[in-house]
Amino acid sequence: MAFKDRIVSDELKKWRSLHARMVLTEEERKYYLNKEKGFEGELRFDELTEKLTGDQIILNDLLLEVNGVTFQIDTTIIFQDTIDLFEVKNYEGDYLFKQNRFYINSELEILNPLDQLKRCQTLFRQLLQNLSFKIPVEGRLIFINPEFTLYNAPENKSIIFPTQINRFMKKLNSKPSKVNGTHKKLAEQLVSLHQTNSKINMLPNYEYHQPQMGISCASCHSLMTSVKGTKLICNVCEVEEKLESAVMRSVWEFKLLFPDKEITTNSIFDWCKVVPSKPIIRRILQKNMKSIGIGQWSYYEF
Ligand SMILES: [Zn+2]
């Protein structure tokens, strides 16, 4: 079990919501789908690290800062004698390696993931030094997607290709390790240093009335939903959800997209759109939130 879980970031949640609710530019759409794909790759790698049976500490997704520089590590595993950092790439299709550079479709240069990994290792070492913790740091670049090919691949032990992952995980699993209180203390320190609010967010611009209103389906994110009695039904994938939980999910989404807007019966009634009456919304808000003020100026807080 991981000491720190991977969760869907607020940034990705916002993108998911906006993708369902408004027309994105081609560039925005690409950026969002890349994010989604990267996250999917990280989850795939989590499935593998979850199977490790040895004595180690797994920290998923750390966003750290050292001497004013921010860096992110997909997976960090603390073993007895080393700390292994993993950069996971869910690249799919044909890539080319030429003169220390990575290309997609043999012409479009992309950021060199090996450089990214090196940067991470250097910054992480600096952080360990600041924390007065001495332990070797190893870095691995994991290409998780079985459909990935790298032409001209360099012979580099830091890179784990899809055809090597199973063997690599076995090797990792047989690594002798016994972690102690010092390792645990370091893990706790790293989690406490984890930043939940990334400053490197990129989001499309949107105004209050731009995102389409309605309750999205919890499963497929479609807005083609309707209310039947106390249930929300998706007209695309037919998944059913209790109306109360669907409304509260929408309240969270509303709060995420419009942090400055007040949560009121009216604003949530408009936002949900498909709920037939305001008293239903009021009842759900009163049950799940704290009501502030009275009458028409009252609003709700968590
Ligand atoms: Zn659905």
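The values are calculated or read from the model by the stated rules, or taken from the named source; none is laboratory data. From a predicted model like this one, the values you see are computed outputs, not experimental measurements. Note that each Cβ is placed from the backbone with ideal geometry, even for glycine, and that neighbours are counted across all protein chains shown. Areas reflect the complete protein model, heavy atoms only, side chains present, ligands, DNA and RNA absent. Shrake-Rupley method; radii C 1.70, N 1.55, O 1.52, S 1.80 Å.
Candidates are the residues of region 147-165 that are farther than 16 Å from Asp94 by Cα and in a helix (DSSP H, G or I); the one that is nearest to the chain's Cα centre (by Cα) is Ile165. Kindly indicate the residue of region 101-121 that is without any contact (Cβ under 8 Å) to a residue 40 or more places away in the chain and part of a loop (DSSP other than H, G, I, E, B) and also farthest from Glu36 (Cα to Cα) among those meeting that condition. That would be Glu107.
Residues are listed down the side, and each one gets a yes or a no for (1) touching a Ser or Thr at 6+ places or on another chain (Cβ under 6 Å); (2) on the phi > 0 side of the Ramachandran plot; (3) at pLDDT below 95; (4) not hydroxyl-bearing (Ser, Thr, Tyr):
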| site | (1), (2), (3), (4) |
| --- | --- |
| Gln189 | no, no, no, yes |
| Leu193 | no, no, no, yes |
| Leu203 | no, no, yes, yes |
| Tyr206 | no, no, yes, no |
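Restricting attention to region 44-99, the residues being small (Gly, Ala, Ser) and either assigned to a strand (DSSP E or B) or open to solvent by less than 40 Å² (accessible area, probe 1.4 Å) (or both) number 2.
When you go through Asp84, Asp74 one by one, which is the residue that is within 14 Å of Leu141 (Cα to Cα), under 18 Å from the mean Cα position of the chain (by Cα) and not basic (Lys, Arg)?
So the residue among Asp84, Asp74 that is within 14 Å of Leu141 (Cα to Cα), under 18 Å from the mean Cα position of the chain (by Cα) and not basic (Lys, Arg) is Asp74.
Sub-6 Å Cβ pairs linking a first residue in region 147-165 that is open to solvent by less than 60 Å² (accessible area, probe 1.4 Å) to a second residue that is basic (Lys, Arg), at least 6 apart or interchain, are Ser158/Arg140; Ile160/Arg140, ordered by first then second residue.
Can you find, within region 122-146, the residue that is most open to solvent (accessible area, probe 1.4 Å) among those that are part of a strand (DSSP E or B) and either over 19 Å from Ile83 (Cα atoms) or of a type in the set (Asp, Glu) (or both)?
Among residues in region 122-146 that are part of a strand (DSSP E or B) and either over 19 Å from Ile83 (Cα atoms) or of a type in the set (Asp, Glu) (or both), the one most open to solvent (accessible area, probe 1.4 Å) is Glu138.
Of all residues in region 212-224, those satisfying the criterion of being surrounded by 22 or more Cβ atoms within 10 Å (Cβ to Cβ) and within 10 Å of the ligand (Cβ to nearest atom) are Ser216, Cys217.
Within region 218-244, being without any contact (Cβ under 8 Å) to a residue 24 or more places away in the chain, outside any strand (DSSP E or B) and closer than 27 Å to Lys290 by Cα holds for Gly229, Thr230. Here Ile268 clears all of (1) without any contact (Cβ under 8 Å) to a residue 40 or more places away in the chain; (2) closer than 23 Å to Cys217 by Cβ; (3) not in a helix (DSSP H, G or I) except the condition numbered (3).
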